[in-house]
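Worksheet: the structure to be examined is printed underneath.
The values are calculated or read from the model by the stated rules, or taken from the named source; none is laboratory data. What you see is a predicted model; the values in this text were computed from it and never measured. Positions of Cβ are generated from backbone atoms using ideal geometry, with glycine treated the same way; all protein chains shown enter the neighbour counts. The accessibility values were calculated without ligands, DNA or RNA, using every heavy atom of the protein model including side chains. Shrake-Rupley method; radii C 1.70, N 1.55, O 1.52, S 1.80 Å.
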Amino acid sequence: MKLYSGPVSLFSRKVEIALGEKGLAFDRAMVPFSQATGYTPKHPAVLAANPKGQVPVLIDGDLTLFDSTVILEYLEDAYPSPPLYPTGAQARARCRLLELYADEILLEPVRALMYRTEPASPDPQRQKLRQAEAVRAETALLEHYAWLERQLTGKEYACGRFGVADIGLFMTVHFAQRLNGPRLDGYPALAGWYSRVSARPPVAQAASEIAAADRELSPVLQP
């Protein structure tokens, strides 16, 4: 099994965590990245596998997959133990919705904070616009934190046992924290869940590697 990943790719790290939780061995090819140019030029193997030219890309035998959600569902079908989805159609659907929420709804305001890892814009007006967008995004994130607080109250993990919903939610919340977004103070259920997930070895490894990549690629997160 081979995974094409990126040093600060949220979606690649989701797949790495799932592989680690399932105890699956894999070779990892870390695609070159810089804050100035991103993934340009695109890695030829990634371009050949994914029309979007994005990581993650997973190769398992003669099967090549892209998109973290598709990859996670494949891993669950092909390597079901230990499970990362709950049993039962309704429970699995709720789990999938939480992962979707993390990837497509919660991530939206986080994107507005990503400029903080990049070189400052040479255009002062553009930089001010980014900063204003980030302020609005932080207000939206607090609303999401409140929603997550309600979802996680009284629960150890999002869908019963640890699983894909936790992986997706953790990575997006972690990126908000990484990008100097709002802290989790005042959200005890969310903060407790975040701490529990952080302590799992595959998660801790991914977070540590992201921090190391930031020290190399983005040593100063822009305020």
Problem set entry | DSSP beta bridge pairing in the chain, given as percent antiparallel to the nearest 5 | 70 percent
Problem set entry | Sum of -39500 (n - 2.57) over DSSP H runs of 4+, divided by residues of the chain (222 nm, nearest 500) | -17000 deg cm²/dmol
Exercise. In square angstrom, what is the accessible area per residue of the chain with a 1.4 angstrom probe?
Worked result: 48 Å²
For this session: Report, largest value first, the span of the C-alpha coordinates of the range 60-108 along each principal axis, in whole Å.
Result: 34, 27, 15
For this session: Apply the Kirkwood formula to the range 56-154: the hydrodynamic radius equals the inverse of the mean of 1/r over all pairs of different alpha-carbon atoms; give it in Å with one decimal.
Result: 16.6 Å
Exercise. Can you run phi through the Karplus equation (6.51, -1.76, 1.60; θ = phi - 60°) for the range 206-217 and list ³J(HN,Hα) in whole Hz, with x for Gly and Pro?
Worked result: 4, 5, 5, 5, 5, 4, 5, 5, 5, 4, 7, 9
Problem set entry | Where N is the number of residues in the range 7-94, Cα Rg divided by 2.2 N^0.38 Å | 1.19
Exercise. Can you give the FRET efficiency for THR40 and ALA78, using 1/(1 + (r/R0)^6), R0 = 45 Å, r = Cβ-Cβ distance, to the nearest 0.05?
Worked result: 0.85
For this session: Let me have the relative contact order for the chain, percent, based on Cα pairs under 8 Å that are six or more residues apart.
Result: 25 percent
Seminar exercise, completed: Expressed in angstrom, Rg and Dmax over the Cα atoms of the range 165-204 are 9.7, 27
Seminar exercise, completed: Given a Förster distance of 35 Å, the FRET efficiency implied by the Cβ-Cβ spacing of GLN151 and LEU63, rounded to the nearest 0.05, works out to 0.55
Exercise. Under a point-charge model restricted to the Cβ atoms of Lys and Arg (+1) and Asp and Glu (-1), what is the dipole moment magnitude of the range 59-125 relative to its Cα centre, in debye to the nearest 20?
Worked result: 340 debye
Problem set entry | Percent of Cα pairs exceeding the 28 Å cut-off, where the set is the chain | 30 percent
For this session: Report the charge-dipole magnitude of the range 104-217 in Debye, nearest 20, computed about the Cα centre from +1 at each Lys and Arg Cβ and -1 at each Asp and Glu Cβ.
Result: 120 debye
Exercise. Lysine pairs in the chain 8 or more apart or on different chains: how many have alpha carbons under 19 angstrom apart?
Worked result: 7
For this session: Taking amide H positions as placed in the peptide plane 1.01 Å from N, state which residues far from VAL57 in sequence (5 or more) or on other chains have amide H under 5 Å from it.
Result: TYR4
Exercise. Where the only charges are on Cβ atoms (+1 Lys, Arg; -1 Asp, Glu), what is the dipole of the chain about its Cα centre, to the nearest 20 debye?
Worked result: 320 debye
For this session: Would you work out which of LEU141, LEU47, TYR101 lies farthest towards the positive end of the dipole of the range 16-151, given +1 charges on the beta-carbon of Lys and Arg and -1 on that of Asp and Glu, about the Cα centre?
Result: LEU141
Problem set entry | GLU108 paired with GLU209, simple spin-label distance in nm, labels 7 Å along Cα-to-beta-carbon | 3.1 nm
Problem set entry | Most positive-pole-ward Cα, LEU179, THR69, ALA91, against dipole of the chain from beta carbon charges | LEU179
For this session: Could you compute the FRET efficiency for ALA120 and MET30, with r as their C-beta to C-beta distance and R0 at 25 Å, rounded to 0.05?
Result: 0.40
Seminar exercise, completed: The Kirkwood hydrodynamic radius of the range 144-223, taken as the inverse of the mean 1/r over all distinct Cα pairs, in Å, comes to 13.3 Å
